[in-house]
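Let me give you the structure first, and then I'll get to my questions.
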Amino acid sequence: MSLIRRIHHVAYRCRDARETVEFYRDVLGMAFTTAFAEDRVPSTHEPDPYMHVFLDAGMGNVLAFFELPTREPMSRDPNTPSWVQHIAFELDSVDTLEQMRNRLTARGLEVVGPTDHGLFKSIYFFDPNGHRLELTVNTATPELEQRAREVAPAMLEEWSRTKRAPRHAAWLHEREFASDPSPPGAQS
């Protein structure tokens, strides 16, 4: 039994707090809820002025950012591809996903997708800080979600031994999926 109730907030760094709040508020519709600003870090007491802003991402999920004006400019980990670290936000429908894609491209943002992941569809873009964002909508049936859950332990085990992509859930990305939702080897 987990002692964790939920994620209270997730915090990232930003270049400019105002620009970041405006982007998440105006582009993604998140409410700007709280701001903290201090000249000293409360947990370490070191002098390090910051602005900490919080945005309501819906259903009790909070996204926060720190602007750190006295620190070196922010950058990405050069050893991690830009597509790996990202924040994914769930939408309610494929229509909303398409509306958001159109809204983002109309604002001049480069959008990748929609990408069909078998269980969900997503689009990808970057915020003004260079953080990759994903907007996604679940498209799977409960049966497909269950099949994916069932093969997850075996996939992790095989990956751990071989460091090669296991084929247990290849059915999620294969074209034949549309005509035959059964994964290879499944009993009818």
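What follows draws every value from the coordinates through simple rules; no lab data is involved. No experiment lies behind these values; they were computed from the predicted model shown.
Which value in deg cm²/dmol, rounded to the nearest 500, describes the helix-derived mean residue ellipticity at 222 nm for the chain, given -39,500 (n - 2.57) per DSSP H run of n ≥ 4 and division by the residue count?
The helix contribution divided over the chain gives -7500 deg cm²/dmol.
Here is a further query. Where does helix 17-26 land angle-wise versus the long Cα axis of the chain, in degrees 0 to 90, nearest 10?
The two axes meet at around 40 degrees.
Quick one: 3J(HN,Hα) in Hz for region 126-138, Karplus 6.51/-1.76/1.60 with θ = phi - 60°, rounded, Gly and Pro as x.
10, 7, x, 8, x, 7, 7, 10, 10, 10, 9, 9, 6
Taking the Cα centroid of region 73-131 and of region 8-35, what is the distance between the two, rounded to the nearest whole Å?
Between the Cα centre of region 73-131 and that of region 8-35, the gap is 16 Å.
In percent, how large is the relative contact order of the chain, given Cα pairs closer than 8 Å and 6 or more residues apart?
That works out to 15 percent.
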